[in-house]
Structures are given as structure tokens and as C-alpha cells.
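In what follows, a single structure is set out as C-alpha cells and then discussed.
Every number in this text was worked out from the coordinates using simple rules, so none of it is lab data. Just so it is clear, the structure is predicted and the values come from calculations on it, not from any experiment. All Cβ positions, glycine included, derive from the backbone under ideal geometry; neighbour counts span all protein chains shown.
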Amino acid sequence: MITAIAPLFQLVAPGILVVLTEGIGLGLASSIILGNLLLGILLCLLITRPEALIWLIQTAGLAMVLMIARKRDWSWIKALLAGFAYLCITFVVVLSAGSENDLFDGYNKVIQVISEDLDQSLALYKEKSSGIYQVELEDWFHQFKALIMRFLPGLMGSVFVIITLSNILVPKIYLAKRSENEAFAPTFTQWKLPELLIWVIITAAVSAFWGKGVFNVCGENVLLVLSSLYFLQGMAVVAFYFERLKVHVFIRWIIYILLCIQWYGLIFIVIIGVSDVWFDLRTRASLARES
């Protein structure tokens, strides 16, 4: 059960540890986090679930990164990138350690496991279904499987972004209410990525659309991860205008859902986020209102 729900805990557990260590020194805060890690390791040994140690190390390490970010007053983007980097490094180390320091072999094993799980899911569905549209389903499934295999690094990176961001939001929401200050970041409507990052996504886009071989694959996956970041900036712009126009909360959430369930809505939000770098959409709206 712990193994099954561990990914859900990872969305909030590091952030909760940051809240618990608020107002105490760095040394004591580190001791609390490490103490929780040791208790978790003991629990894993008692229930004979050594694979859960990976989750514990990721959780405790991310909590340490965010706790230091909070104590040192890092900006939200610096904390986000630091947490994202830690999760990526941990993932790479685990892959290498599980394959005798052969990273590519470890990655191929992950691909193989995912492929086998997807094939089992298809076989189970075909066994339970009546046979209608099985050919169409199988064709769609193989296309879906090919996409998963191709964009797996980018998907993993996007998941790491979501995990880090959700754990930044936990202390941000709680501490802002308790101490009447802004933890980690300004309000969501004012979130903005560093301008220099736009050149990284442009380079990734060029490599994805015009690169060959490994450059094409790397460009596509980097573009996927950065698109998730600029999606957040685009959502911040949309939320800013909803707030400026005083759109009702119920209508806002309907529009959010409609934008997120359609692929062109997602792309539209990313384009807004990228455009905000050059056109500074929120500042222009403020200046127009003042004039």
C-alpha cells in the first residue's frame, strides 16, 4: 500500500517538512528531515520494501533543497530549478546504480518494463472486450506506446517539475497566511520565468524540428519540459486577466478545464507564456489601465 500511494505523498511531503521546520535553525531543521528519513528507512526494512527507499531519498532530499531555499530566501524559480535538478540527478543515479553504472542499460530496462506493462494492459483489454474495434484500438495503442517511448525523458522531466512545484506551493500557501508574507514566490498572477530561458526553448525547438538523430530526440524532450514551465507562465497571464476583468470563479474554472483538456488549448497557453517574455502582457495591461 505504501509503495502504491508513495507518489501521491511525494507531491506534498517535502513541502510539509518545510512548513514544520519554519522558524528554527538550519541545523535543527536538517536534523528533523534526516530523522524522518531514518524512520522511513526503518519502516521500509520492517515491511521488507527496499524499493521504497528510492522514494524516501527523493522526498527527504527535495525537502532539504526546499528548506535551504526557504532559509536563504531563494526566488521561486531558483527553488524550482534546484528541486528539479535534484530529482533528475537522483533518477540518473538510481538508473546507473541498478545497471552496474551503465546509464543507457538502465534506461533501456525502464523502457522494457514500461513496454511490457503496456502490452499486458492491451492483452487484458482484448481478452475482456467483445472484439469490436479491436483492430483500430490496437493500431491506436501502438501509436500511443511509440509516443511514450519517444518522449519518456520529457514526460519524466515534466513530472519532476510538477512534483517540485506542488511542494513549493504547500509552504507558500500556508506560510503566506500564517506570517502574512510571501514564501518562495509572488502571487501566481505575477509569476515570470527568467528571460534568458527563452533562448533555451528556442534552441530546443530548432533541434526538435530540424535536428537529426540524437539532436532531434534531445530537442523534443527538452522542449516538452520547458513547455510545461511556460505553460505555468501562460496560466499566470490568463489568471491575471481574469482577475483584472473580475471574471467569476466558476467561469474561470470552466475555461481552465476547457483549455487543459484540448491539445490546442495547451499549446495556446504555452504560446501566451512565451509571448509574455517579449511583449510583457501584464505590464502593458497595467499601463493601459492607468492611462
Exercise. Across the chain, where is the longest run that never hits GluC sites (Glu not before Pro) in a DSSP loop with at most 15 other C-beta atoms within 10 Å?
Worked result: 196-291
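Assign unit charges at the C-beta atoms only (+1 for Lys and Arg, -1 for Asp and Glu), then state the dipole size of region 186-291 relative to its Cα centre in Debye, rounded to the nearest 20.
Numbers: 8 positive and 6 negative charges, 47 e Å.
Rounded to the nearest 20 debye, it is 220 debye.
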Problem set entry | 3J(HN,Hα) from dihedral phi, region 21-29, Karplus parametrisation 6.51/-1.76/1.60, rounded to Hz, x for glycine, proline | 9, 5, x, 10, x, 4, x, 5, 4
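Relative contact order for the chain: what percent, with Cα pairs under 8 Å and sequence separation of 6 or more?
Values: 252 pairs, mean separation 51.0, N = 291.
Normalised by residue count, the contact order of the chain is 18 percent.
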For this session: Quick one: net charge around Leu80, please, counting Lys, Arg +1 and Asp, Glu -1 for every other residue with C-beta under 14 Å from its C-beta.
Result: +4
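Would you mind working out the magnitude of the charge dipole of region 17-80 relative to its Cα centre, with +1 at each Lys and Arg C-beta and -1 at each Asp and Glu C-beta, to the nearest 20 Debye? Kindly include the intermediate steps, with their values, before the conclusion.
Numbers: 5 positive and 3 negative charges, 27 e Å.
Computed charge dipole of region 17-80: roughly 120 debye.
Before rounding to the nearest 500, sum -39500 (n - 2.57) across all DSSP H runs of length at least 4 in the chain and divide by the residue total; then give [θ] at 222 nm in deg cm²/dmol.
Values: 12 runs with 238 residues, N = 291.
Result for the chain, helices only: -28000 deg cm²/dmol.
Past 28 Å, Cα to Cα, is the threshold; run Lys145/Lys172; Lys126/Lys212; Lys109/Lys192; Lys109/Lys212; Lys78/Lys109 against it and keep the listed order.
Values: Lys145/Lys172 37 Å; Lys126/Lys212 37 Å; Lys109/Lys192 38 Å; Lys109/Lys212 25 Å; Lys78/Lys109 33 Å.
Over 28 Å apart, Cα to Cα: Lys145/Lys172; Lys126/Lys212; Lys109/Lys192; Lys78/Lys109.
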Exercise. Which whole-Hz ³J(HN,Hα) couplings does region 111-117 yield from phi under the Karplus relation 6.51 cos²θ - 1.76 cosθ + 1.60, θ = phi - 60°, glycine and proline marked x?
Worked result: 4, 5, 4, 5, 4, 5, 5
Exercise. Along the charge dipole of region 106-171, Cβ charges K/R +1 and D/E -1, which of Gln120, His142, Ser166 sits furthest on the positive end?
Worked result: Ser166
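Could you work out the Kirkwood radius for region 186-291, taking every pair of different alpha carbons, averaging 1/r and inverting it, reported in Å? The partial results should precede the final answer.
Numbers: mean 1/r = 0.0673 Å⁻¹.
The answer is 14.9 Å.
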Problem set entry | Karplus-derived 3J(HN,Hα), 6.51/-1.76/1.60, for each residue of region 88-99, Hz, glycine and proline x | 5, 5, 4, 4, 5, 5, 5, 4, 5, 5, x, 9
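Run the dipole for region 1-131 about the Cα centre, Lys and Arg Cβ at +1, Asp and Glu Cβ at -1, nothing else charged, and hand back the magnitude in debye, nearest 20. Could the numbers behind the result be given before it?
Working: 8 positive and 10 negative charges, 105 e Å.
Taking the Cα centre of region 1-131 as origin, the dipole is about 500 debye.
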Exercise. Highest GNM mean-square fluctuation, the chain, Cα pairs closer than 10 Å: which of Gly27, Gly61, Gly219?
Worked result: Gly27
Exercise. Given 0.36 nm per residue, what is the gain on full extension from Glu116 to Cys260 after removing their alpha carbon distance, in nm?
Worked result: 48.9 nm
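Between Asn108 and Cys218, what is 0.36 nm times their sequence separation minus the Cα-Cα distance? Round to one decimal in nm. Walk me through the numbers before you get to the answer.
Working: separation 110, 0.36 × 110 = 39.60 nm, distance 1.60 nm.
Net length gain for the segment: 38.0 nm.
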For this session: Give the longest segment of the chain that steers clear of trypsin sites (Lys or Arg not before Pro) in DSSP loops with at most 10 neighbouring Cβ atoms within 10 Å, not counting the sites themselves.
Result: 73-211
Problem set entry | Positive-pole candidate from Leu224, Ser275, Gln190, dipole of region 186-291, charges at beta carbon | Gln190
